[in-house]
Amino acid sequence: MKILDYFEEVILFITFLTITLITFANILSRNFFKFSFSFTEEITINLLVLLTFVGTALGVRRYAHLGFTLVYDIAGKLGKKVILLISSIMSAGLFAILLYYGYEMVAFQMKISQTTPALGMPQWILSLALPLGALLCLIRTVQVTFEELKQVNNIEDIKDEANDVINTVETEGVKGEVKI
């Protein structure tokens, strides 16, 4: 997965740098030369789609998305697994749908040879951002689901061991006095 981590970070860096440079050049050109590059909006919008999806995948990998965990926190081991599986299946379903329809869109654009308005380049090249980003999100969702399931098992095992120690101390008593 380290290769995928590197791939995501490189895509994000190059995409963000490109958006910044193109937009800055267009601002300078518009203000100083009274000339605007018509293609910059086309490229920027499509790169923002790529940036959004790859950034979402990175957020899933780093557990950076907001969540409401009150019910999850008070649930037992089985409850946590059920909540985790339901949310993961829903997320994976969303990304699978986006992947499917993104693929369909790219295939259709290739079939009709659709080109972009300003640059005249094949539209499907820019539209690959949707299925590529959805695929990355799907992979990361599956990865994080397995990691969280392992974590739930480990945390509950640690809690069980701690409870066993506490019960042993309570039943057998503690010899000597412990000062804290």
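Some values worked out for this structure:
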| item | result |
| --- | --- |
| Structure-based [θ]222 nm, the chain - -39500 (n - 2.57) summed over DSSP H runs of at least 4, per residue, nearest 500 | -28000 deg cm²/dmol |
| Cα-projected label distance for N154 with Y63, points at 7 Å along beta-carbon direction, nm | 1.0 nm |
| Helix 39-61 axis, angle to the chain major axis (alpha carbon atoms, nearest 10°) | 10 degrees |
| Segment Q114-L4, length gained on full extension (0.36 nm per residue, minus Cα span) | 36.6 nm |
| Inter-label distance for Y101 and L78, nm, one decimal - labels placed 7 Å from Cα along Cα-to-Cβ | 3.7 nm |
| Cleavage-rule hits (trypsin sites (Lys or Arg not before Pro)) in region 45-148: DSSP loop, at most 13 neighbouring Cβ within 10 angstrom | R62 |
| Between helix 129-172 and the chain: long-axis angle, C-alpha atoms, 0 to 90°, nearest 10 | 10 degrees |
| Listed values [x] 85, 40, 29; [y] 58, 47, 26; [z] 56, 50, 30, entry calculated as Cα extents along the principal axes in Å | [x] |
| Approximate spin-label separation I166-L12, in nm, with each point projected 7 Å along Cα-to-Cβ | 3.8 nm |
| Cβ-derived FRET efficiency at R0 45 Å, T20 paired with L85, nearest 0.05 | 0.65 |
| Total lysine pairs under 19 Å (Cα atoms) in the chain, excluding pairs fewer than 8 apart on one chain | 7 |
| Ascending count of other beta-carbon atoms within 10 Å, so fewest first, for S88, S29 | S29, S88 |
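The numbers here are math on the coordinates, done by the rules we state, and not lab data. As the structure is a prediction and not an experimental result, all values here were calculated from the model. Glycine gets a Cβ as well: all are built from the backbone with ideal geometry, and neighbour counts include every protein chain shown.
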